[in-house]
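For reference, the structure is listed below as structure tokens.
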Amino acid sequence: MARMSAEERRESVVRAAMTEFARGGYYGTSTEAIAKRVGVSQPYLFRLFPGKKAIFLAAAERCVEDTIRMFAEASDGLHGEEALRAMGGAYRKVVSEEPERLMMQMQMYLAVASAEQEGDHEFGEAVRAGWTRLWDTVHLPLGADVGETTTFMAYGMLINCLVAMGFPPQHRVWAGMNLAERGGERP
């Protein structure tokens with residue numbers, strides 16, 4: 001079996017970190033757990049990344065970039081309502097098939113709030129920059145309409161919260177979502 005290059009190992013660390021941070025958050029996840037998931041030693045982990053914060057930021061960046069790519073691919077060549085339905089459907093699929101991505105998003109927002117309370121603005125700057133790229137990715141296919149983009153992102157955040165809290169699809173809190181007219185079913 002061929003040995004992985006440092007870049008391939010780095011990629012496996014980022015993927016493992018997304019899973020571990022999604023489960024335990026920034027403060028509840030040890031670098032030991034990430035190293036163990038990848039099958040490397042902690043010292044090797046720190047040869048790839050200077051510290052836990054760098055690993056978290058790389059995982060957060062990957063989470064955002066994966067979501068941006070998903071929306072861009074779903075809306076490729078589409079505009080307006082067609083783009084909205086395609087992006088909504090793609091997101092619902094990811095939420096149901098890759099719950100760790102949803103939970104990583106939620107952990108990113110929590111990490112920003114916690115870090116900023118401590119005076120550390122690096123998390124916030126990185127996550128806000130990614131979220132702005134995400135906004136722009138959605139904004140153009142929706143006709144560069146601020147209202148449509150805001151509504152789409154607001155629905156997404158509400159879906160994130162309801163799914164993260166474990167509300168089953170048949171629960172009454174989903175009733176006002178009007179998902180059928182927004183492109184599909186509840187996650």
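What the table shows:
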{"quantity": "Among (1) under 26 Å from Ala164 (Cβ atoms); (2) open to solvent by less than 60 Å² (accessible area, probe 1.4 Å) - the single one Glu61 does not satisfy", "calculated": "(2)"}
{"quantity": "Hits in the stretch 162-177 - residues which are in contact with a Phe, Trp or Tyr (Cβ under 9 Å, 6 or more places away or on another chain) and either at pLDDT below 85 or open to solvent by 30 Å² or more (accessible area, probe 1.4 Å) (or both)", "calculated": "Phe167, Pro168, Val173, Trp174, Met177"}
{"quantity": "Any chance Arg3 is open to solvent by 60 Å² or more (accessible area, probe 1.4 Å) and assigned to a helix (DSSP H, G or I)", "calculated": "no"}
{"quantity": "Of all residues making up the stretch 61-91, the number that are in contact (Cβ under 8 Å) with a residue 40 or more places away in the chain and more than 13 Å from the chain's Cα centre (by Cα)", "calculated": "12"}
{"quantity": "Those residues of the stretch 1-58 which are among the hydrophobic types (A, V, I, L, M, F, W, C) and over 25 Å from Val127 (Cα atoms), in sequence order", "calculated": "Met1, Ala2, Met4, Ala6, Val40"}
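The values are calculated or read from the model by the stated rules, or taken from the named source; none is laboratory data. No experiment lies behind these values; they were computed from the predicted model shown. As a convention, Cβ positions derive from the backbone with ideal geometry for all residues, glycine included, and neighbour counts pool all protein chains shown. Note: accessible area is taken over every heavy atom of the protein model, side chains too, but ligands, DNA and RNA are not part of it. Shrake-Rupley method; radii C 1.70, N 1.55, O 1.52, S 1.80 Å.
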